[in-house]
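These notes are about the structure you will find just below.
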Amino acid sequence: MKRATTSQFGDYLRNLRQQRKLGIRQLGRMSGIDSGALTRIERDERAPTPQTLQALAAALEVPLADLFARAGFATPYDLPAVDSYFHARYGHLPEDVLASMNDYCQRLIDEYGFDPAGPAAREDEKDELSKQ
């Protein structure tokens, strides 16, 4: 796991805990994880293990896949495309709503130049290779 990802996970975990109005000790009791270990994860001093993520997902009532992705255990290639995710997660919604959600995300992607599939193999190295 990359250090930046760990820092982002710590912030994410803290926000989840605070949204649920839980103290660090209370989350520790609910998850069976030492509160000191949770503090170190939130402060970017320790990376969570898959077992820790599983316990936190149960205690915080969030999908385990979300925690794995946020903690850097899933790569962009492991994740579904946005429209597939919307259909899987929100398939109970009308088709026009799902299409609207997908369109909105696509506009954001276009505006910020983000490619959810990531660079193609060695694509990020093209500029460096051409300079040589």
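Under the classification rounded if a/c is under 1.5, otherwise prolate if a/b is larger than b/c and oblate if not, where does the stretch 54-98 fall, given a ≥ b ≥ c as square roots of the Cα gyration tensor eigenvalues?
Because a/c hits 1.5 or more and a/b fails to exceed b/c, the stretch 54-98 counts as oblate.
With all protein chains in place and ligands, DNA and RNA left out, the 1.4 Å accessible area ranks Phe86, Phe68 as Phe68, Phe86, largest first.
A 1.4 Å probe, protein heavy atoms only, puts the accessible area of Thr52 near 20 Å².
Given a 1.4 Å probe and the protein chains as shown, Arg70 ends up with an accessible area of around 120 Å². Taking a point 7 Å out from the Cα of Arg14 in the direction of its Cβ, the residues of the stretch 30-66 whose backbone N falls within less than 18 Å of it are 35-48.
Over all distinct alpha-carbon pairs, what is the Kirkwood Rh of the stretch 25-96 in angstrom?
Details: mean 1/r = 0.0724 Å⁻¹.
By the Kirkwood definition, the hydrodynamic radius is 13.8 Å.
Within the accessible area of the stretch 1-116, the carbon and sulfur atoms contribute 50%, probe 1.4 Å, all protein chains present.
Loop-located GluC sites (Glu not before Pro) in the stretch 1-82 (DSSP state other than H, G, I, E, B) with a sparse environment of at most 11 neighbouring Cβ atoms within 10 Å: Glu45, Glu61.
The values are calculated or read from the model by the stated rules, or taken from the named source; none is laboratory data. Just so it is clear, the structure is predicted and the values come from calculations on it, not from any experiment. With ideal geometry, Cβ positions are generated from the backbone for all residues, glycine too; neighbour counts draw on all protein chains shown. With ligands, DNA and RNA removed, areas are computed over all heavy atoms of the protein, side chains included. Shrake-Rupley method; radii C 1.70, N 1.55, O 1.52, S 1.80 Å.
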